[in-house]
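Okay, so here's the structure we're looking at.
The values are calculated or read from the model by the stated rules, or taken from the named source; none is laboratory data. Since we're looking at a predicted model, the values are computed, not measured. Glycine gets a Cβ as well: all are built from the backbone with ideal geometry, and neighbour counts include every protein chain shown.
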């Protein structure tokens, strides 16, 4: 009896071991990834969430160290007119640059999708702004925007469009549009390349059929191209929004958030709150609000990506 | 027939305009980097340098002061970008393979987490990471900066590698298994050699990220000697606002390697980014 039991249990163990080993296999591959996600992402996010409810001045530690203050950081934030300013600037910055990059990218993709000599070269050249490092892009545009010897003032002057030279990045009214132009310049190639990939996947038959029916170019764009790139368009649009929320370097390097906070997008506000006033609690609170907004768009992004996969 | 010809002409003209818009700042940077200062400060700018000079480039390599050291910054950038690449790739290759090949509990959730981490704002992560790194004495160190970069390169590289593994037929592995190869041997001798193009482009992507990054580098690295190229070159603008020739020479040196990599990589980058959104 006991012998038989042992045998059975031995067999069971072996089965269990065999199965266990098989189940463990994926986790051997995934262990380093899971560790990184845990240590470098989960821990910091939990820490940031905690900090957003704490008194957390790094240069003025109180006797109690960092202590719980409830919603105080969020209240301070909502009472801070500079926060509202940065939200307003961010919304304008996102709206204008996303639409700008999208429209310019769409038109470029349409052009690059037609047949002509040198198309391959044009496709390669259009990518270059995307490849230029952000900081470098900003420096070049600063030189071009210069009031006294910048090429843009020179060209506008020659075209008779200026009564006096403009200090693009030092003028409260012009600085934000000037920064947005740099962003659009740097970002439209990405849209162009993605939409072009979408356009290339549209079946030639559709165009041939339209040709036979005598459709005009505009009709082809309206009834074939636009519906054909719908899913990639949605993904590109949402990616642009998500990335622009995170954007920092262009506005910061160009104008340091100034003049008079005219270019102070939310990321600059957070960076300055943390590293200029050292109020890490308030900076974390602003960061958490930004994360929530990002996650809303991410939700739609996933929905769009999944829909795209189902279509295949 | 006539309208088609005009249509074609309009297309080409518009394409040229778009290309000029895209390229002009890049060409202006190249052109300025070879100009003398007197030519740069001329109210009537010239497109092709009248007396081309390489003094900007020479300055970049020979100037060494307590606050300016291009060679040191370049070495730091290479070091940080290289370590970021190696570290991210080891994790991304294993993780990407795991997600691609196995159906395990939590696979869907893990995929979502990996994708979501790509949208986490750096400005948010920076705050707790600054405190955590401070506790481990990693602030203002290249290792610390590399670890911060890993937070956003690992998820993206994992996703790209998953895509590359997905495209390798599973039947090849099954054949090797029948021949008696174990999981890891099969992975190392059958799968990895087939993903070399994927490994290269994903690795270069991680490298470019580490090479270009500015937010973390400017917030974490306080001493001049530890700066990376983007931080160094951006500071140069503030300090020596006048020497545009040298500044543009430095910009060219930073940009050229990335532009070359990008042109070589564009197809794979697009593939990785669309993540199934563009129908093939």
Would the range B:172-184 turn up any residue that is within 19 Å of the chain's Cα centre (by Cα) and in contact (Cβ under 8 Å) with a residue 12 or more places away in the chain? no
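Given the options A:144, A:180, A:199, name the one that is more than 9 Å from chain B (Cβ to nearest Cβ), farther than 21 Å from residue B:263 by Cα, part of a helix (DSSP H, G or I) and modelled with pLDDT of 85 or more. Can you show your working first?
Numbers: A:144 fails: more than 9 Å from chain B (Cβ to nearest Cβ); A:199 fails: farther than 21 Å from residue B:263 by Cα.
From the options A:144, A:180, A:199, the qualifying one is A:180.
With the structure loaded, tell me whether residue A:71 is surrounded by fewer than 17 Cβ atoms within 10 Å (Cβ to Cβ) and farther than 24 Å from residue B:214 by Cβ or whether it fails that test. Talk me through it step by step, then tell me what you get.
Values: surrounded by fewer than 17 Cβ atoms within 10 Å (Cβ to Cβ): yes; farther than 24 Å from residue B:214 by Cβ: yes.
Considered against the rule, which asks whether it is surrounded by fewer than 17 Cβ atoms within 10 Å (Cβ to Cβ) and farther than 24 Å from residue B:214 by Cβ, residue A:71 comes out as yes.
Can you tell me which residues in the range B:42-53 are without any contact (Cβ under 8 Å) to a residue 60 or more places away in the chain and touching a helix residue (DSSP H, G or I) at 6+ places or on another chain (Cβ under 9 Å)? First the steps, then the outcome.
Taking the range B:42-53 and keeping what is without any contact (Cβ under 8 Å) to a residue 60 or more places away in the chain, we get B:42-52.
Within the range B:42-53, B:43, B:44, B:45, B:46, B:47, B:48, B:49, B:50, B:51 qualify.
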Tell me yes or no: at least one residue of the range A:84-105 is modelled with pLDDT of 85 or more, in the same structural domain as residue A:270 (by TED's automatic domain parsing), more than 25 Å from residue B:231 (Cβ to Cβ) and part of a loop (DSSP other than H, G, I, E, B). no
All but one of (1) more than 12 Å from the chain's Cα centre (by Cα); (2) touching a residue at least 24 places away in the same chain (Cβ under 8 Å); (3) closer than 22 Å to residue A:195 by Cα hold for residue A:236, so report the exception by its number. (1)
Among the residues in the range B:67-86, are any at pLDDT below 90, within 30 Å of residue B:225 (Cβ to Cβ), more than 7 Å from chain A (Cβ to nearest Cβ) and more than 24 Å from the chain's Cα centre (by Cα)? yes
How about the range A:265-295: which of its residues are more than 17 Å from the chain's Cα centre (by Cα) and not in a helix (DSSP H, G or I)? A:276, A:277, A:278, A:279
For the range A:113-141, which positions are over 22 Å from the mean Cα position of the chain (by Cα) and more than 7 Å from every other protein chain (Cβ to nearest Cβ)? A:113, A:115, A:117, A:118, A:119, A:120, A:121, A:123
Please specify each residue of the range A:45-79 satisfying the condition of being at negative phi, modelled with pLDDT under 90 and part of a loop (DSSP other than H, G, I, E, B). A:55, A:56, A:58, A:59, A:60, A:61, A:63, A:64, A:66, A:67, A:69, A:71
In the range B:96-140, the residues that are touching a helix residue (DSSP H, G or I) at 6+ places or on another chain (Cβ under 7 Å) and more than 9 Å from every other protein chain (Cβ to nearest Cβ): B:100, B:111, B:133, B:138, B:139, B:140
Which condition does residue A:248 not pass, out of (1) touching a residue at least 24 places away in the same chain (Cβ under 8 Å); (2) within 17 Å of the chain's Cα centre (by Cα), if it passes all the others? (1)
Within the range B:261-275, is there a residue that is at pLDDT below 80, outside any helix (DSSP H, G or I), touching a helix residue (DSSP H, G or I) at 6+ places or on another chain (Cβ under 8 Å) and under 24 Å from residue A:194 (Cα atoms)? yes
Residue match in the range B:6-18 (condition: in a helix (DSSP H, G or I) and touching a strand residue (DSSP E or B) at 6+ places or on another chain (Cβ under 8 Å)): no
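Counting only residues that are buried (at least 21 other Cβ atoms within 10 Å of the Cβ), give me the helices (runs of 4 or more DSSP H) lying completely in the range B:136-242 with at least 1 of them.
Details: elements: B:142-166, B:170-178, B:183-186, B:196-212, B:215-220, B:229-239.
Here the list reads B:142-166, B:196-212, B:215-220, B:229-239.
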Against the condition within 28 Å of residue A:169 (Cα to Cα), in a helix (DSSP H, G or I) and at the interface with chain B (Cβ under 8 Å from one of its Cβ atoms), how does residue A:250 come out, does it pass? no
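Being within 17 Å of residue A:141 (Cα to Cα), in the same structural domain as residue A:112 (by TED's automatic domain parsing) and surrounded by 12 or more Cβ atoms within 10 Å (Cβ to Cβ) is the requirement here; does residue A:185 meet it? Let's see the steps before the verdict.
Working: within 17 Å of residue A:141 (Cα to Cα): yes; in the same structural domain as residue A:112 (by TED's automatic domain parsing): yes; surrounded by 12 or more Cβ atoms within 10 Å (Cβ to Cβ): yes.
It is true that residue A:185 is within 17 Å of residue A:141 (Cα to Cα), in the same structural domain as residue A:112 (by TED's automatic domain parsing) and surrounded by 12 or more Cβ atoms within 10 Å (Cβ to Cβ).
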Filter the range A:254-287 down to the residues that are within 7 Å of chain B (Cβ to nearest Cβ) and either touching a residue at least 40 places away in the same chain (Cβ under 8 Å) or buried (at least 20 other Cβ atoms within 10 Å of the Cβ) (or both) and list them by number. A:267, A:270, A:271, A:274, A:280, A:283, A:284, A:287
Test: residue A:244 is facing chain B (nearest Cβ under 8 Å), under 23 Å from residue B:115 (Cα atoms), modelled with pLDDT of 90 or more and out of contact with any strand residue (DSSP E or B) (no Cβ under 8 Å at 6 or more places or on another chain): no
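Would you say residue A:150 is exposed (fewer than 15 other Cβ atoms within 10 Å of the Cβ) and either closer than 23 Å to residue B:20 by Cα or at pLDDT 85 or above (or both)?
Judged against the criteria, residue A:150 is not a match.
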